[in-house]
Structures are given as C-alpha cells and as structure tokens.
Amino acid sequence: MGAATSDAPRAWRTVLEHIEQQLLDGALRPGDRLPGERALSAELGVGRSSAREALRVLEVLGLIRTAAGSGPNSGAIIIATPGGGMSALMRLQVAASGFPVADIVRTRLILESSVAGDLADAAPAADLSAADLLLDAMDSPDLAPTEFLALDAAFHLALAEASGNQVITATMAGLRSGIEGYALEGVSAIADWSATSTRLRTEHRGIVEAIRAADAATARSRTHDHISGYYAETFPPSSPSGPSAPTATPSPASTTPESPA
C-alpha cells in the first residue's frame, strides 16, 4: 500500500504567490513591512509553518530581510523589488508546478551534481551546518511522508545556499514548487515508505560525507544517483512521466546502494 499524502506542505506556495504578485504589481515596495506569520496564515488560511517557509524562500531570493523579536524592527521588511532576471525567477517559481517532471529532474541533475562537486572542492570548506540540522530532523521516526519530503527539499536547497552561488540558489528556490510537487506525487507509488525513507536518509548522509572528504567525483555521482533513483522508483516507465525518465549512472566512486527502478 502506498503512503498517504496531504496538500498541507504545498500551502506555502499560496503565501509565496500572494506576496510575489504584490511585489510584481508594485503593491509592496522596498521599506514596506510584511504582516507577521500569524497574520499571513490567518489571511490566507494556511498554517504558520507554511507562512514561515514562504518567507524563507523570499529571503533566499534576496527580496526580504527578517529580524527576530517582537519590537518595531522585528518581522520581515521588503529590501528589493523583482526586476529583470529576478522577476523571471519569481515567475519561474509560479510556473514550475506545470513543468514536465522529467525536465525538472534533468535540471536538478545538472545543477545539484555541480553544487555537490563545488562544495567538495571548496577551500576553505563550506559551512554545512544548516544541512546537518536538516539531516538530524529527518531522523525523527514520527515524520509523515509529507513532513519528511518538506525537510528533504529544504536539505537540497541548503546545499545550494552553502555553495554561495546566488544564481543556482535562486534557480533552485524558483523550482521548489515543481520539485516538491513531483516528490509528493510520487509517494503514492511507494510500496514501503519506511524502506524508502531509510534509503534516502542514507543517501543524504553519503552526499555530505563525500563533500566533507573533499571527494568531488563521489559527491557528484551520489547526488546524481540519489535524484534519479527516487524518480525511477516513483515514476516507472509505464507512468505518463516515465518514458523519458533520467536514469542513475553507475559509478565506481559511488558506494550508495542503487535505488529500485
């Protein structure tokens, strides 16, 4: 029996698209303050965690700055308007859920394999503390598939952020809705979620281990196999999105177990 899914983790897109549209329309300008998480969640009918995730993506895109606390300077303030390429990236975020899954996967293979290799080659070593925290959070045995996959998506974005490449980070943030969408859709095809989530945890840690070992080839191959392996498991060739599915490329450097096809 496949694991059950929920639309709840997708609710953050409602918040993101609401704020993005106001920015694109000029209703929000630099210096304006956004409503707090509680107000946004009440206005749009979503959970506070969804509002928080949308604000995080906007901060990654360089459009807002958040400050902790409860005083007049707390909360999120608009620091830039989306013009030129940034406007295009924001529109990419809105459109990504309609892209062919195989195209999203191929784009991930190119971008994220490159990120993993660059992180392994970085000198001084990149700060992976945010990724480590997400790995630890994914070890919780009480996570529902939707919660696990939300953390999974955040882990991959954290690696992009650690690379310091603002274009790749913004592009990954822009594709976030499409990535999370196909990952959630695929859960229904998984017969044993416990086994799959255990494998994904092992693969995540294997990627980070290769990065810390400064083994760029292994970091790239493990990232490639991890992304294409989940796609092969959840979108088999007989499915509508499956015939053009990217496949994992075996590599002597990779010690991550091969994912089921």
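For a protection proxy built on the mean count of beta-carbon atoms within 10 angstrom, sort 212-219, 11-18 highest first, please. It would help to have the intermediate numbers written out before the result.
Numbers: 212-219: 18.1, 11-18: 20.6.
Result, highest mean first: 11-18, 212-219.
Taking a ≥ b ≥ c as the square roots of the Cα gyration tensor eigenvalues, with a/c under 1.5 meaning rounded and otherwise prolate when a/b beats b/c, else oblate, which class fits region 107-246?
Numbers: a/c = 1.70, a/b = 1.41, b/c = 1.21.
Prolate is the answer for region 107-246, as a/c is 1.5 or above and a/b outweighs b/c.
Per-residue Cβ neighbour counts within 10 Å put THR171, THR234 in the sequence THR171, THR234, beginning with the fewest.
Full extension of the segment from GLU43 to ALA144, taken as 0.36 nm per residue of separation minus the current Cα-Cα distance, would add 33.7 nm.
Order these by the 10 Å Cβ neighbour count, fewest first: MET172, MET138. Walk me through the numbers before you get to the answer.
Working: MET172 26, MET138 21.
Final ranking by Cβ density, sparse to dense: MET138, MET172.
Residues within the reach of a label modelled at ASP121 (point 7 angstrom out along Cα to beta-carbon, backbone nitrogen below 17 Å), restricted to region 206-221, are 210-221. When you count the other C-beta atoms within 10 angstrom of each residue and take the mean per peptide, 149-156, 31-38 line up highest first as 149-156, 31-38. The residues packed around GLY164, meaning those with a beta-carbon under 11 Å from its beta-carbon, carry a net charge of -3 if Lys and Arg are +1 and Asp and Glu are -1. For the pair LEU24 and THR202, the difference between a 0.36 nm per residue extended length and the Cα-Cα distance amounts to 60.0 nm.
FYI, it's all coordinate maths here, none of it is from the lab. Quick caveat: nothing in here was measured; it's all calculated off a predicted structure. As a convention, Cβ positions derive from the backbone with ideal geometry for all residues, glycine included, and neighbour counts pool all protein chains shown.
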